[in-house]
Amino acid sequence: MKGLSMFKEHRSYMRGILLVTACAATLFLAHGCAREKAPAVVVYTALDEMYSQPILSAFTEQTGIRVLPVYDTEASKTTGMVSRLVAERDRPRADVFWNNETAQTIVLKNKGILEAYRSPSAESIPDAFKDPEGFWTGFAARGRVIIYNTDLVKVPPSSIRDLLKPEWAGRAAIAKPLFGTTATHAAALFAAWGDGEAKAFFHGLKDNQIAVLAGNATVRDQVAAGEYAWGLTDTDDANGAVEDGRPAKWLYPDQGPDGLGTLVIPNTVALVKGAPHPDAAQKLIDYLLSPQVEEALSKMRSIQIPLNPNVVASERVPKVSDTRTMAVTFDEIAARMESTAVFVKEEFLQ
Amino acid sequence: MRHPRTDVHTRRAASLLVWAAVLVMAVLPVAILFVRAIVVEGQVNLDSFRSVLFSTRQWRLLANSVLVAGGAACLATLLGAPAGYALAYARVPARRLLTALLAIPALLPPYVLATAWAVMLGANGVLGSWLGALLPLGQARPSPFSVPGTILVLAFTYYPLVTFAAVAALSRFDGRLEEAALLTGARARVFRSVVVPLTLPSVLTGALSVFVLALLNFSVPSLLQVNTYPVELYASSATYDFAAATAQSLPLLALCLIALSAWAVVLRPRNAWLTGARRERSLRVSPRVRAWAAAGCWGLVLLSVFAPLASLFVRSLPLRTYLSVWETARGEFGTSLLVGVLSATLLAGLAFLQSALLGKGRQAAVLMLVELLPFAVTGPLLSLGLIALWNRDGLPGLVYDSLAIVVLACGARYLFIAAGILAAGGQRMNPRLHEAARVQGISWWRAMFGITLPLQVPFLVACWGLAFVLAVGELDATVLVCPPGKTTLAIRLFTLMHYGPDAYVAALSLMTALVILCAGACAAWAYGRIGNTRDASH
């Protein structure tokens, strides 16, 4: 009898929990039913949400097609998303892969996860930034740059090899070379220099106590905050610090006549093989490769560099034609990605 | 009257259903990973396991992981155990308020606290600049981005587990033992030689829980750039070597099993000295000791709760940031609440059925061990298993394409904890109540819902509240399976945190903390209101 009276006493709590759960379940079902009504396209994008979201919203406004995005985290830039695409290969959920670099896209192509699609919007984009077989197309690029703190550095470094100089021991930083554009940059160095020289360079970084931070944005922040004198990051991150009026400037490394050049990395867009919504996916790819998107991306804080010569970018956006770039192809870089990742993991994840 | 055999059949069928639910939710996602790692192109191939497990790198990783987890457990014990004794033994003033405040760090997602500590220990942070000024010129300021920094953050996150283990032990401590001992010795000696030894197994249980949670934590070492097994597992999936990632989960599983065995063999039997019945202690400690104990508790609250939250608040200013967070992250708040409610109900329901159907027999022990699997293999690996299991055509595909997969991810990860809470509740049930019901001819089902359920309400509420808090903060297992177009608060926060702890991230962290603390406070209030049923259940 005591149990019964207690049951009555505590019924209200159980009712509360059940009521909240019933409401949640109803919301859940309603959400599930509503989802199917409008046409949709699923895009996995590694470009920062603050830049990609306005572009995707504009596409929805223009076409009426809802975009369901999956954004990547800065910590695992691209790699977590590519892992997901690989894991989902038997039943792809993504229609479009919008990457903020090239190497992982080529890895996906080589793993048979992408479908060839030559977009009519890509005709004006130079061939160097397109896959010869049409599996991916590049647009809106970023460059790898040196960012330095103007309060701490009077004569800025001019080469990535300056990271090995004793005067910068423990005073410079790079992002973890296992993810994002830093991983691509590391693979590009292996492709350009060969294994011996590249490994010696990375060993040198460790010996010179170069800090390895979470991401390029963290390098930007810590350099701007004066924790480190300089570091390697991307144009979009570096420009953010300059626009915010922080004591930071940036420059392209290795621009001398015999210099290595810098790495210019375009965004890439690709159709996923077996995409659930192929028609909408092609429309989204056409849209992303259109001049209006390159123009919009160049006007944002990220100052992404247009590759389509028909796009007129503002003065503050650096031109690819004025920059000395590394003499390696994106396929050569992609071929080095996995072996570089194994080396880097061994060296930098202790 | 219902035929007893029908009762047995019903109960057996229900038990099978519970087994099936646990297998689908917790075992299959892990099993599928191991099968795929072992069977390559139709052949058994253990190369990935050999290459991963017999490399020297593994020893370094093991050393790092054990150092971080062991360091966090030791520091958490040093912080948490004295606080527990201060609350329950010294009975400091305002102890209800202090108890609530000291619980806060354990309720907050560890990555929120990691961000706050990174702010505090940074060059411009309160503690960072203070430490910088104290240190001799030229000596490096301690960085949060290091092994000691990770140990510090994890210890300040999980110490409440030790505190509450000590409080729980003291609440079950028979005060008459102490009174008897006082006849032969001084008070300090009695505390040292009677109270501490009898409550130590509970305190060590709390320390062991901290060790396991710190060992399996991915977000804090990942944010603070320290390589432990969970971080390495994620990095292995970065090279698409899913078999290597699976192999690397074995040392973690082994460590968890060692911790569990140590608890079952060494600590659990020693808890038998605690009587399980609340007997108020008539003895009081001296006012001086109480004052010192209270000062210590408030100091801990200041350092572990107010300082991190205040540093986040300062970083989040101006106040209009909160408006901007609300406008842009409303969807994430809704999604997280939905996932939290559904996961908590799923976990509390399943854990209750498991406890009521399987009791404390061998089956229940096996099931608990099985439920440890998805908890111990770490979140990122579990999510790869969930993709392999659920991303298929038909009904599994419907689950995978919806938020149900996020609910399942949270469910799989925390079933072990939920089952543990309800098992503790089940152990307090008096079996004679069911025997009496059976004699009266009451069916087993009616007895379960009429006797067991009402008596278990406090544990159900505690389990539901804790599961809600854990599900809202869950990141590790959900980051790879959240359906397109949907984001939880945890994922959004983790994405933004890597841009640095700016005003938006700080405001979003505080608002997330507020949601979690409100839910925790509601559950604690409800538990407090109905927790007085304990005596009736004996």
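The values are calculated or read from the model by the stated rules, or taken from the named source; none is laboratory data. The shown structure was predicted, so the numbers you read here are calculated from the model rather than taken from an experiment. Note: ideal-geometry Cβ built from the backbone for every residue, glycine included; neighbour counts use all protein chains shown.
What's the number of the only condition in (1) outside the structural domain of A:G134 (by TED's automatic domain parsing); (2) under 24 Å from A:A103 (Cβ atoms) that A:P257 fails to meet? Just one mismatch for A:P257, condition (2).
Of all the listed residues (B:A351, B:A365, B:A329), the sole one being of a type outside the set (K, R) and without any contact (Cβ under 8 Å) to a residue 12 or more places away in the chain is B:A365.
Entry remark, the stretch A:300-344: residues being of a type in the set (A, V, I, L, M, F, W, C), in a loop (DSSP other than H, G, I, E, B), within 23 Å of A:G259 (Cβ to Cβ) and touching a residue at least 40 places away in the same chain (Cβ under 8 Å) number 5 in total. Applying the criterion of being free of Cβ contacts under 8 Å to residues at least 24 places away in the same chain and part of a loop (DSSP other than H, G, I, E, B) to the residues of the stretch B:369-408, the residue that is surrounded by the most Cβ atoms within 10 Å (Cβ to Cβ) is B:N391. Out of the residues in the stretch B:162-175 meeting the condition of being surrounded by fewer than 24 Cβ atoms within 10 Å (Cβ to Cβ) and under 17 Å from the mean Cα position of the chain (by Cα), tell me which one is nearest to A:A214 (Cα to Cα). The extreme case among them is B:F164. Across the stretch B:470-519, the number of residues qualifying as hydroxyl-bearing (S, T, Y) and assigned to a loop (DSSP other than H, G, I, E, B) comes to 4.
Candidates are the residues of the stretch A:71-85 that are facing chain B (nearest Cβ under 8 Å) and not in a loop (DSSP other than H, G, I, E, B); the one that is modelled with the highest pLDDT is A:R84. For the stretch B:363-404, which positions are within 13 Å of chain A (Cβ to nearest Cβ) and closer than 30 Å to B:A259 by Cα? Matches in the stretch B:363-404: B:G379, B:P380, B:L381, B:L382, B:S383, B:L384, B:G385, B:L386, B:I387, B:A388, B:L389.
Of A:A191, A:A248, which residue is crowded, with 20+ Cβ neighbours inside 10 Å and away from every other protein chain (no Cβ under 14 Å)? Sole residue among the options that is crowded, with 20+ Cβ neighbours inside 10 Å and away from every other protein chain (no Cβ under 14 Å): A:A191. Could you tell me how many of the residues in the stretch B:36-74 are buried (at least 17 other Cβ atoms within 10 Å of the Cβ) and among the charged types (D, E, K, R)? Going through the stretch B:36-74 one residue at a time, the tally reaches 0.
Do we find a residue being within 30 Å of B:D174 (Cα to Cα), part of a helix (DSSP H, G or I) and touching a Cys at 6+ places or on another chain (Cβ under 9 Å) anywhere in the stretch B:84-94? It would help to see each step written out before you state the result.
The first filter runs over the stretch B:84-94 and keeps only residues within 30 Å of B:D174 (Cα to Cα), leaving B:84-94.
Add one more test, that the residue is part of a helix (DSSP H, G or I), and what stays is B:84-88.
If we keep only those that are touching a Cys at 6+ places or on another chain (Cβ under 9 Å) too, we end up with B:86-87.
Checking the stretch B:84-94: at least one residue is within 30 Å of B:D174 (Cα to Cα), part of a helix (DSSP H, G or I) and touching a Cys at 6+ places or on another chain (Cβ under 9 Å).
The set of residues in the stretch B:170-218 that are touching a helix residue (DSSP H, G or I) at 6+ places or on another chain (Cβ under 9 Å) and assigned to a loop (DSSP other than H, G, I, E, B) comprises B:R172, B:F173, B:D174, B:T184, B:G185, B:N217, B:F218.
The C-beta contact set for the stretch B:471-488 (first residue surrounded by fewer than 24 Cβ atoms within 10 Å (Cβ to Cβ), second residue aromatic (F, W, Y) and assigned to a loop (DSSP other than H, G, I, E, B), distance under 8 angstrom, 6+ apart or interchain) comprises B:L475/B:F218. Every listed requirement among (1) modelled with pLDDT of 85 or more; (2) crowded, with 21+ Cβ neighbours inside 10 Å; (3) of a type outside the set (S, T, Y) is met by B:E232 save one, (1). Residues in the stretch A:125-132 include at least one that is within 22 Å of A:V42 (Cβ to Cβ), away from chain B (no Cβ under 14 Å) and either surrounded by fewer than 22 Cβ atoms within 10 Å (Cβ to Cβ) or in contact with a Gly (Cβ under 9 Å, 6 or more places away or on another chain) (or both). Per the conditions (1) surrounded by 18 or more Cβ atoms within 10 Å (Cβ to Cβ); (2) in a helix (DSSP H, G or I); (3) modelled with pLDDT under 90, the sole criterion not satisfied by A:L297 is (3).
Reported count of residues in the stretch B:278-306, each being over 32 Å from the mean Cα position of the chain (by Cα) and at pLDDT below 80, is 4. Being without any contact (Cβ under 8 Å) to a residue 12 or more places away in the chain, more than 19 Å from A:I147 (Cα to Cα) and not β-branched (V, I, T): is that true of A:G204 here? Criteria not met by A:G204.
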